[in-house]
Structures are given as C-alpha cells and as structure tokens.
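Below: the structure, in structure tokens.
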Amino acid sequence: MAPRTNGGATGSALVTLARKHVGERYVLGALAPKDNGNWKGPWDCAEFFSWVVFQTSGILYGCNRDFGDPATADAYTGFCDRDARTLGEVISLDAAARTPGAAVLRVPQPGAIGHVVFSDGTGGTIEAHSSADGVISSRLAGRRWDMGVLVPGIKYTQRAVVPVTEPSTVVYRLMTPMMTGPVVRRIQQALKAAGFNPGAIDGEFGPHTQAAVVAFQLSNGLVGDGEVGELTASALGVAL
C-alpha cells in the first residue's frame with residue numbers, strides 16, 4: 001500500500017489506521033519501514049506513531065531525518081518533541097483529547113524514553129504501549145502528559161469537550177529541584193530489594209534512581225519513562 005499524498009489526510013484517518021493494528025507486538029527500538037504498508041510490527045510507540053502518519057499522509061514526522069528514505073528513517077519521542085516545537089502546532093491536553101488523531105506526548109528525560117499516543121477524540125488513545133501490552137486502546141485520563149500536538153499537513157476536526165483528569169497521585173520523576181521525601185525513599189528501597197540499584201537510599205529522586213526505575217520498568221514490560229506513577233508503583237509494591 002502506498003502512502004496517500006493527495007493532501008486529503010485527516011486526523012480521523014490516522015485513528016482508523018492505528019486501530020487496525022491493536023493487538024500487535026511491541027519491541028522497544030524496533031524500526032518500522034515507514035513506506036511498507038504491510039508492516040504488522042513489531043512497534044515501539046514512536047515508530048507506530050510515525051508509521052501511521054506517513055502511511056496516511058506521506059509525511060515523515062518525528063524521525064531523525066524527516067526528509068530522505070522513509071524505509072530507514074528512525075522515529076523517537078525526542079524527535080517528536082523537536083518537531084512539535086519547530087514544525088507542528090502544540091495544543092493543550094484538553095484540546096488534544098477532543099481531536100481525533102492529535103498526538104499526545106510525554107517528553108523523554110535524559111536516560112529514559114518518552115511516550116507518544118494518538119487521541120481518538122473521545123478521551124481515549126491508540127498506542128504502542130509496552131512489551132507487556134503491545135498496541136492497545138487506552139485512555140488519556142489519570143496519566144501524566146506534557147503536550148498535545150497537531151502534525152502540519154493533516155486536517156483535524158474537534159469534537160465535544162472531553163474532561164481529562166490529572167493523575168490521582170503524585171508521579172515521581174527526575175526534576176529540578178529533585179523530588180524528595182519518604183515516598184522516594186520507599187521507591188528506592190523497593191528497587192534495591194528487586195535487584196535494581198538506585199544508588200544511595202537518601203530519599204532524593206536523582207539520576208541513579210531514575211536509571212533504576214527505567215531498568216525495572218523495561219524488565220517488567222512497562223513503559224520505560226523513568227517515572228513512578230500508579231502502574232510502576234504497583235509493580236514495585238509501593239503505595240504513593
């Protein structure tokens with residue numbers, strides 16, 4: 001299947017194509033040839049996003065090279081962040097939630113990976129989630145996000161307002177200044193007990209703790225974003 005390049009690509013078409021791949025396999029770092037319409041995975045989140053965009057519109061976006069051979073263009077959430085700020089239109093999470101095909105991005109921190117999903121326009125997502133789950137339909141609510149994004153060259157429409165709630169608990173992650181306190185200490189203790197060295201058990205969420213979180217997440221089929229929200233905390237056995 002050749003990508004469409006007639007200028008008629010829509011956000012709804014992104015959602016339609018993405019949904020056809022729910023249930024397929026996730027492999028972190030897998031390369032999806034953007035010009036292969038028969039590709040069925042494996043995917044990671046950025047490769048899935050960029051492949052669907054290219055197949056629907058003929059646009060390379062979120063890749064190391066947005067001009068060149070689509071078969072070898074390497075997608076990464078950091079490149080999605082770059083393109084969002086230089087090429088795309090950054091929108092609010094609320095706007096993205098009611099816009100079919102809008103991207104919603106968690107920006108990668110140094111030493112970790114981010115995450116990018118498609119909004120379905122009703123508060124849901126289609127995303128290549130993790131090695132444990134593969135490509136899934138999920139929800140935006142209760143998860144931490146940095147921005148919504150519209151890809152230039154794609155026509156979007158907005159639906160009715162969709163309320164998107166913030167995470168019900170604090171999401172612990174690497175920040176400046178560092179997050180500190182007894183919960184961070186419990187996270188560190190749980191990581192060490194699980195065999196992932198967080199450095200000093202000092203109650204400070206620093207680079208060593210983040211690295212241990214990423215290693216734990218990837219070993220347990222979770223998104224390796226280095227952030228401890230409800231899913232990662234539950235896997236660690238830590239109450240937030």
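Values in this text are rule-based calculations from the coordinates and carry no lab data. The shown structure was predicted, so the numbers you read here are calculated from the model rather than taken from an experiment. Every residue, glycine among them, receives a Cβ derived from its backbone with ideal geometry; neighbour counts consider all protein chains shown.
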(request) With the cut-off at 15 Å, report for segment 96-159 the share of all Cα pairs above it, as a whole percent. (result) 51 percent
(request) First select every other residue whose beta carbon is under 13 angstrom from the beta carbon of VAL149; then total the charges, Lys and Arg +1, Asp and Glu -1. (result) -1
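State, as an integer percentage, the relative contact order of the chain based on alpha-carbon contacts under 8 Å between residues 6 or more apart. Show your work: numbers first, answer last.
Details: 572 pairs, mean separation 43.9, N = 240.
Relative contact order here is 18 percent.
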(message) Contact order normalised by length for segment 11-150, with contacts defined as Cα pairs under 8 Å and 6 or more residues apart; what percent is it?
(response) 27 percent
(request) Work through the residues other than ILE126 whose Cβ is under 13 Å from its Cβ and net out their charges, Lys, Arg +1 and Asp, Glu -1. (result) -1
(message) Please list log₁₀ I(q)/I(0) at q = 0.12, 0.25 Å⁻¹ for segment 115-204, using the Debye equation with identical point scatterers on the alpha-carbon positions.
(response) -0.58, -1.25
(request) Would you look at the GNM of the chain, springs on alpha carbons closer than 10 Å, and say which of LEU105, LEU93, LEU17 moves the most? (result) LEU17
(message) How long are the semi-axes of the equivalent ellipsoid of segment 182-236, defined as square roots of 5 times the Cα gyration tensor eigenvalues? Whole Å, largest first.
(response) 16, 11, 10
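Take SER130, SER92, SER57 and order them by how many other Cβ atoms sit within 10 Å, fewest up front. Display every interim value, and only then the final one.
Details: SER130 21, SER92 10, SER57 24.
Listing SER130, SER92, SER57 from fewest to most nearby Cβ atoms yields SER92, SER130, SER57.
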(message) Could you check the spin-label model distance between GLU230 and ALA200? Points 7 Å from the Cα along Cα→Cβ, value in nm.
(response) 3.4 nm
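What does the net charge come to around SER168 if you take all other residues with beta carbon closer than 12 Å to its beta carbon, with K and R at +1 and D and E at -1?
Working: positive: ARG143, ARG144; negative: GLU166, GLU230.
Around SER168, the surrounding residues sum to 0.
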(message) From the convex hull of the Cα coordinates of segment 1-139, what is the mean projected area in square nanometres?
(response) 7.7 nm²
(message) Can you compute the modelled spin-label distance between THR122 and LEU87, with each label point 7 Å from Cα toward Cβ, in nm?
(response) 3.1 nm
(message) I want to verify a result. In a Gaussian network model of the chain, Cα cutoff 10 Å, which of these has the top mean-square fluctuation: PRO167, PRO177, PRO198?
(response) PRO177
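I need the trypsin sites (Lys or Arg not before Pro) found in segment 28-121, filtered to DSSP loop residues with at most 16 other beta carbons within 10 Å of theirs. All intermediate terms of the calculation are to be shown ahead of the outcome.
Values: sites: LYS34, LYS40, ARG65, ARG82, ARG85, ARG98, ARG106; in loops: LYS34, LYS40, ARG65, ARG98.
Filter output for segment 28-121: LYS40, ARG65.
What does the helix-only formula give at 222 nm for the chain: each DSSP H stretch with n ≥ 4 adding -39500 (n - 2.57), the total divided by the residues, and the result rounded to the nearest 500 deg cm²/dmol?
-8500 deg cm²/dmol
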(request) Mind giving me the FRET efficiency for LYS155 and VAL22? R0 is 25 Å, r the Cβ-Cβ distance, nearest 0.05 is fine. (result) 0.60
(request) State the three equivalent ellipsoid semi-axes of the chain, derived from the C-alpha gyration tensor as the square roots of 5 times its eigenvalues, in descending order and whole Å. (result) 32, 19, 15
(request) Pick out which of SER131, SER119, SER219 has the largest mean-square fluctuation in a Gaussian network model of the chain, springs linking Cα atoms closer than 10 Å. (result) SER219
